[in-house]
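All remarks here apply to the structure that follows.
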Amino acid sequence: MDMRKLVGRNFVKLRKRKGFTQEKFAEASGFTQQYISGLETGRRNPTVVTLFELADVLGVSHVDLVLPDEEFCKQRPKTGKRNS
């Protein structure tokens, strides 16, 4: 599973829960709408600093953006080995 897609899915869920459109979130955060779109689709690889900034605007912990969801758990290898 690509962590970028996990972060994107978590971000969309939290953004919508907080009542933000992409455009309104862009205005509130200073990120561009294009960046937000790329983040949500897994095309962007946010830095740790960016995760903190996004979470701050959403009023959540940065950890909420990287928490495994059901889809991630289904796709995760069962062997315990990491993909390099």
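In the stretch 2-32, what residues are of a type in the set (Asp, Glu) and at pLDDT 95 or above?
Selection gives Glu23, Glu27.
Check the stretch 70-83 and report whether any residue there is modelled with pLDDT under 95 and either in contact with a His (Cβ under 9 Å, 6 or more places away or on another chain) or surrounded by 14 or more Cβ atoms within 10 Å (Cβ to Cβ) (or both). Give the derivation first.
Initially, the stretch 70-83 is screened for residues modelled with pLDDT under 95, giving 70-83.
Remaining after also requiring either in contact with a His (Cβ under 9 Å, 6 or more places away or on another chain) or surrounded by 14 or more Cβ atoms within 10 Å (Cβ to Cβ) (or both): 72.
Yes; the residues of the stretch 70-83 include at least one that is modelled with pLDDT under 95 and either in contact with a His (Cβ under 9 Å, 6 or more places away or on another chain) or surrounded by 14 or more Cβ atoms within 10 Å (Cβ to Cβ) (or both).
Restricting the search to the stretch 48-67, which residues are surrounded by 13 or more Cβ atoms within 10 Å (Cβ to Cβ) and outside any helix (DSSP H, G or I)?
Val60, Ser61, Val66 - these are the residues of the stretch 48-67 that are surrounded by 13 or more Cβ atoms within 10 Å (Cβ to Cβ) and outside any helix (DSSP H, G or I).
Kindly provide the set of residues from the stretch 9-42 that are open to solvent by 30 Å² or more (accessible area, probe 1.4 Å) and either on the phi > 0 side of the Ramachandran plot or not in a helix (DSSP H, G or I) (or both), ordered by number.
Matches in the stretch 9-42: Lys18, Gly19, Phe20, Thr21, Gly30, Phe31, Thr32, Thr41.
Looking at the stretch 14-47, which of its residues are over 13 Å from Met3 (Cα atoms) and hydrophobic (A, V, I, L, M, F, W, C)?
The initial filter retains those residues of the stretch 14-47 that are over 13 Å from Met3 (Cα atoms), namely 14-38.
If the condition is that a residue be over 13 Å from Met3 (Cα atoms) and hydrophobic (A, V, I, L, M, F, W, C), then Leu14, Phe20, Phe25, Ala26, Ala28, Phe31, Ile36 are the ones that fit.
The values are calculated or read from the model by the stated rules, or taken from the named source; none is laboratory data. Given the structure is predicted, the values throughout are model-derived calculations rather than measurements. Virtual Cβ from ideal backbone geometry, glycine too; neighbours counted across all protein chains shown. Surface areas here come from the heavy atoms of the whole protein model, side chains and all, with no ligands, DNA or RNA. Shrake-Rupley method; radii C 1.70, N 1.55, O 1.52, S 1.80 Å.
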